[in-house]
Every structure is written in structure tokens, then in C-alpha cells.
Amino acid sequence: MKTTSGTIIFSLCVVTFVIGVHQTMTYGIAYSYFIFMISIGLLFLYRYRKSKHKEQEEQAKPAPKRKKKH
């Protein structure tokens, strides 16, 4: 997936994970749990969009022609 939105989603995933780690070290896991869930949600969204994009590319390719055997 070579789109700007894919790059932004993945970057937000990494940033929220780093923020979650910082919040865990500062306040504890109970206060940063929702930040980790946002990070995982963004990761799932990125993977979903990547697989859909790959699937669309495969459908756009013309099927290889087969030679008929007699």
C-alpha cells in the first residue's frame, strides 16, 4: 500500500504506542490502557487496508492465458 493515508495511519499507530509506553512508565498501565487500544486499532486498520489494496491489485491483473491441450 503506497498511499499517504496508509503512511499516516501507520505513523499514528507508532506514535500512540510510544505515548502509551511513556504513560505506562509515568502513571501505570491502568491509565494508558486506552492509548494502547487505540494503537492496536490503528494497526488493525492499517493491515485491513493493506490487504484490501493488495486484493484489488490482484483482481486488476489480467488472468494469464492458458494454452489448450488437445
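For the reader, a short list of remarks on this structure follows.
- Count - residues of the range 20-36 that are open to solvent by 80 Å² or more (accessible area, probe 1.4 Å) and either under 27 Å from THR3 (Cβ atoms) or not in a helix (DSSP H, G or I) (or both): 0
- For ARG49, the conditions (1) open to solvent by less than 80 Å² (accessible area, probe 1.4 Å); (2) of a type outside the set (S, T, N, Q); (3) touching a helix residue (DSSP H, G or I) at 6+ places or on another chain (Cβ under 7 Å) are fulfilled apart from (1).
- Hey, LYS54 at pLDDT below 95 and surrounded by 14 or more Cβ atoms within 10 Å (Cβ to Cβ) or not: no
- Taking the range 1-13 as the range and being in a helix (DSSP H, G or I) and open to solvent by less than 70 Å² (accessible area, probe 1.4 Å) as the test, the residues that pass are SER5, GLY6, ILE9, SER11, CYS13.
- Filter result for PHE17 (under 19 Å from the mean Cα position of the chain (by Cα) and loosely packed, with under 12 Cβ neighbours inside 10 Å): no
The values are calculated or read from the model by the stated rules, or taken from the named source; none is laboratory data. These numbers come from a predicted model, not from an experiment. Positions of Cβ are generated from backbone atoms using ideal geometry, with glycine treated the same way; all protein chains shown enter the neighbour counts. Surface areas here come from the heavy atoms of the whole protein model, side chains and all, with no ligands, DNA or RNA. Shrake-Rupley method; radii C 1.70, N 1.55, O 1.52, S 1.80 Å.
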